[in-house]
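The values are calculated or read from the model by the stated rules, or taken from the named source; none is laboratory data. Treat the numbers as computed from the prediction; the structure is a model and nothing was measured. Glycine also receives a Cβ, built like all others from the backbone with ideal geometry; neighbour counts cover every protein chain displayed. Only protein heavy atoms, including side chains, enter the accessible area calculation; ligands, DNA and RNA are left aside. Shrake-Rupley method; radii C 1.70, N 1.55, O 1.52, S 1.80 Å.
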Amino acid sequence: MKRSKRYANLVENFDKHELYDVASAVAKAKELSNAKFDETIEMHFRLGVDGRHADQQVRGAMVLPHGTGKSKRVLVFAKGPKAEEATAAGADFVGAEDLAEKIQKEGWFEFDAVVATPDMMGVVGRLGKILGPKGLMPNPKSGTVTMDIEKALADIKAGKVEYRLDKANIIHVIIGKKSFTDEQLTENANAIIQAIAKAKPAAAKGQYFKSIAVSATMGPGVKINTASLV
């Protein structure tokens, strides 16, 4: 992959193999980001599991202590009183078959998260091949298939993040923005580390955290010393 001259200058004296504790990794990732916008800070976890097996899946959701710094537009699939509850709770879009059809026929995606009541999953289920690859499919494990619409919306708006394995057994999760303080990013980072640690499958053997890195949108990955987490 060809890198820009800006990137090359940025990492000229950076040792990509050096390991840091969490706080130092966060500070270094911010130091190595110099784009002209408020870059997103992410963490990347390579886990010692095989996601092809159902008993080694790692998936969940949590509200970060300091949020993500991003305002999310939420689509709620609901009818009747629950649709009214969603509107009152601040949902950006509320509907049922009408919105499902809009997504299918018009390729409409002006939303960042989807919540659905259980009775709507017959409708939402038909969108699985569209919403699934984008990480938008509602799921009971992440709290996005629920009758408690108000709580689901409050959590998402407060900075709820979902984490799940990709095909390479890696989890990518946002922990904030470059404009956050080092302390805020470190607290968010530690919170997500603890959540993923607790989600370790019983079937997982050997080293669980193979590697963890922190990076800004336009910056290199800064590796965390996983031994320091034990």
Mean projected area (nm²) from the convex hull of Cα positions in region 137-230 is 7.9
Phi angles of region 197-213, converted by Karplus (6.51 cos²θ - 1.76 cosθ + 1.60, θ = phi - 60°) into ³J(HN,Hα) in whole Hz with x for Gly and Pro, give 4, 5, 7, 4, x, 4, 7, 6, 10, x, 5, 7, 8, 6, 7, 9, 9
The aspartates and glutamates whose Cα lies under 14 Å from the Cα of Lys177, excluding any fewer than 8 residues away in the same chain, are Glu31, Asp38, Glu39, Glu42, Glu187
Among Lys79/Lys178; Lys178/Lys205; Lys141/Lys210, the pairs whose Cα-Cα distance exceeds 32 Å are Lys79/Lys178; Lys178/Lys205
The Cα radius of gyration of region 125-164, divided by 2.2 N^0.38 Å with N its residue count, comes to 1.19
With every protein chain kept in place and a 1.4 Å probe, region 84-230 has an accessible area per residue in Å² of 50
Of the convex hull drawn through the C-alpha atoms of the chain, the volume per residue in Å³ is 146
The ³J(HN,Hα) series, computed from each phi in region 97-109 with the Karplus coefficients 6.51, -1.76 and 1.60 at θ = phi - 60°, rounded to the nearest Hz and given as x for glycine or proline, is 4, 4, 6, 4, 5, 5, 5, 5, 8, 10, x, 7, 9
Sorting His17, His53, His44, His66 on solvent-accessible surface, 1.4 Å probe, most exposed first, gives His17, His53, His66, His44
Expected sort for 87-100, 113-126 on mean C-beta neighbours within 10 Å, highest first, is 113-126, 87-100
If one compares the long axis through the Cα atoms of helix 22-31 with the longest principal axis of the Cα atoms of the chain, the angle in degrees, nearest 10, works out at 90
In whole angstrom, largest first, the equivalent ellipsoid semi-axes that the Cα gyration tensor gives for region 5-100 are 39, 22, 13
At q = 0.16, 0.25 Å⁻¹, the log10 of I(q)/I(0) for region 65-140 from a Debye sum over equal Cα scatterers comes to -0.56, -1.27
